[in-house]
1. Considering only Cα-Cα distances, which of the following residue pairs are longer than 22 Å: B:Lys74/B:Lys105; C:Lys105/C:Lys156; C:Lys20/C:Lys92; A:Lys124/C:Lys74; B:Lys88/B:Lys161?
2. With chain B treated as a Gaussian network of Cα nodes joined by springs under 10 Å, which of B:Gly226, B:Gly187, B:Gly118 yields the largest mean-square fluctuation?
3. What are the ³J(HN,Hα) values, in whole Hz, obtained from phi via the Karplus relation 6.51 cos²θ - 1.76 cosθ + 1.60 with θ = phi - 60°, for each residue of the stretch A:37-48 in sequence order, with x given for Gly and Pro?
4. Check the straight Cα-Cα distances from A:Lys10 and name the aspartates and glutamates below 16 Å, setting aside those fewer than 8 residues away within the same chain.
5. Give the dimensionless ratio obtained when the Cα radius of gyration of the protein assembly as shown is divided by 2.2 N^0.38 Å.
6. Note down the Stokes-Einstein diffusion coefficient of the stretch B:143-270 in µm²/s, whole number, using a Kirkwood radius over alpha carbon pairs, 10 °C, and 1.306 mPa s.
7. Quick one: what are the phi-derived ³J(HN,Hα) couplings along the stretch B:153-162, Karplus 6.51/-1.76/1.60 with θ = phi - 60°, whole Hz, x for glycine and proline?
8. For C:Gln255, go 7 angstrom from Cα along the Cα-to-Cβ vector, then report the distances to that same point in the other copies in nm, smallest first.
Amino acid sequence: MVSQPSVNIKEILEQVVSTKPLVYHMTNMVAMAEQAHLTLAIGASPVMSLSSEEAAEMVNIANAVLINIGTPSKEANEAMLSAAHTAKRLGKPAILDPVGYGATKLRINLVERLLETGAFSLVKGNGGEISLLAGERAEVRGVDSVGSPPAAIAAKTVAQKYNCIAAATGPDDYVSDGERVYVLRSGHEWLTRISGSGCWAGTLMAACLSVTEPLPAAMSALSLMGAASQIAAEQSDGPGTFRIRMFDVMYQITQNPHAFSFPQWELMEV
Amino acid sequence: MVSQPSVNIKEILEQVVSTKPLVYHMTNMVAMAEQAHLTLAIGASPVMSLSSEEAAEMVNIANAVLINIGTPSKEANEAMLSAAHTAKRLGKPAILDPVGYGATKLRINLVERLLETGAFSLVKGNGGEISLLAGERAEVRGVDSVGSPPAAIAAKTVAQKYNCIAAATGPDDYVSDGERVYVLRSGHEWLTRISGSGCWAGTLMAACLSVTEPLPAAMSALSLMGAASQIAAEQSDGPGTFRIRMFDVMYQITQNPHAFSFPQWELMEV
Amino acid sequence: MVSQPSVNIKEILEQVVSTKPLVYHMTNMVAMAEQAHLTLAIGASPVMSLSSEEAAEMVNIANAVLINIGTPSKEANEAMLSAAHTAKRLGKPAILDPVGYGATKLRINLVERLLETGAFSLVKGNGGEISLLAGERAEVRGVDSVGSPPAAIAAKTVAQKYNCIAAATGPDDYVSDGERVYVLRSGHEWLTRISGSGCWAGTLMAACLSVTEPLPAAMSALSLMGAASQIAAEQSDGPGTFRIRMFDVMYQITQNPHAFSFPQWELMEV
């Protein structure tokens, strides 16, 4: 840990609220509803659609695009590829969340085709997904970097490999631009006892990406998740009430970010 | 404001509870789960399906049909058209919620084809959707009706244009039969901080439509939304707990509507 | 009521937590999100997918498979059949929840084709679905068994007919191996005021089925539902808060099952 990057999360959240960006979610059927609730709670505006017949038009009217492959289907996959190509062509900020990457050939092929579009300035996943995306190079680097967590190395590798910002979430979150790696030690155990907390992070990143660059967008989103989860957990008796309190706290924080403190990212040696 | 229409919401809610209507929802993947929860909370019975192979049969066994195009797909669109044709043929009460009308060509075409079936005695949407549905005539009328809110004018126009009852929801809700326009000033700001509150109104309207005419169905449903949202907000700390409390309050109200008071509709000059 | 079967629910729940089984859900769009939340709350791991292109691979990596036909679609139906065949071939434990069986020809045909695979060691449904599945034999038995509840008879018939364990849920739950029938008198009325409580029971059964036989899996899951619902109801004001509290209580129980008591199954004469 050598220094603290300067990301003005409070300003970014205020800009989200003041611009109310339209975040086009192409996302899985499990987290979709709560991602929509979250988008509104933080003052942005969601649109969800997996229709191949309107994906390109939706990209056109959106301020940011989030593609999350959690529950693939023939039509959804076609729609996601159409959206990615359109986002690239129009220069719309776009995030890829390769949920379950590596679990099936379908997901591996879909993610490869999506990444080939060059549309994504930010790729986020859990540590396992990002490590698999990093592929052999991560393994090699793992040998080189004794003591560095595999997910941190993988984030750096993915950022280099796909010329993007990469975020690997987990007990510790890592974000990398391919040169530097930053770590956030925050969050709460109950984030692993609800489904979709990683998907929620994607929603927050997409909202932030509509008002700032990918690196501060990823860092702000994960700081917000960390801050909110710690407050929500204190008000809750288990993962059910915790999940619902998250929407209250997200709303309260984004209504008045200056009243809250946020966990800080640190530069790490990888 | 000249007079108050006589809609016996308490009697309508009691009839819903005593008849437990089966409400066939063809609805979007975002609000679907909570619309099912809501249907049960108020004492009705939901069935959700977007399968083109069973849509006609589902219409046949349902007491009311709600078609909400929020997340279109090839199969769902085909299923919705099949259901609309069947509802028309069988005379089943049916509601259209043209979510996102105007956002894409797909949605415009789908809504036009659905409306061409003549199946819908009630069309509901937010103010923007109803205004777009009203089309040029709304703009013309907007010029004519200085001082009238655009959504109120649009509701009247849509009711005339499609020979139905039209409801435009928003901070103020408007319902029109094409001659008169009624306004409801109720609700809570947090209804805009959760996803699907408009879809929920569609669910309530569909349940009421199984026991009464479209005009009192729309008015009762929106009065219920208004009453419940104000009570739920008082018991909540933000949009998360508010959303969950809504199900408690909806249940409490419909269990004993005589213990509650409801916001009143007023006739307005448009 | 003659005796109490010996099912060590506490041990089964501890085994779920310690092995963290991967439960592959092919389930309806209404309950899917909350089934994922529930799986994580009890310490297991969910994967949801209705993609026909990856169903076989998902079965291969899963510890148990749950097929719930609540919202059929062309691709989902194809995927479910693919998964059932693969589960049979690989000997993966699999549960069928024939939601809405009998409501449409599509559901009848789909369930028949799924059952023909011989993949399911456990078939669960509500009393109505299990009674319809039992078919004529249930009616005949109904004549023979004066005084026995139809759902209890149907569970026995379905278990015989499909050579499986059958569970019929309702105010009283029945489980049968085709010879004996057991009854559980537990639960709470609010389970009927939320959508998907039967689907949740399927999730719990699938998690248990990954560590034990179908009969104790079904009985443990329904005892857990009963215990949790009674505790959650005491902490709630209606079906909304009840639904959320269920996740807290499920988490609390499975974290420390020895601190809780569970409703007991009883053998009954059918």
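None of the figures in this text is laboratory data; all of them are computed from the coordinates on show. All figures in this text were calculated on a predicted structure; none of them were measured in a lab. No Cβ is skipped: glycine too gets one built from the backbone with ideal geometry, and neighbour counts run over all protein chains shown.
1. C:Lys105/C:Lys156; A:Lys124/C:Lys74, as the Cα separations exceed 22 Å there.
2. B:Gly118
3. So the J values, rounded to whole Hz, are 4, 5, 4, 5, 4, 8, x, 9, 10, x, 9, 10.
4. Of all the aspartates and glutamates, those that pass the test against A:Lys10 - Cα under 16 Å, at least 8 places apart if same chain - are A:Glu213.
5. Values: Rg = 26.1 Å, N = 810, 2.2 N^0.38 = 28.0 Å.
So the protein assembly as shown has a normalised radius of gyration of 0.93.
6. 105 µm²/s
7. 5, 5, 4, 5, 5, 5, 4, 5, 5, 10
8. The answer, with the shortest distance listed first, is 2.9, 2.9 nm.
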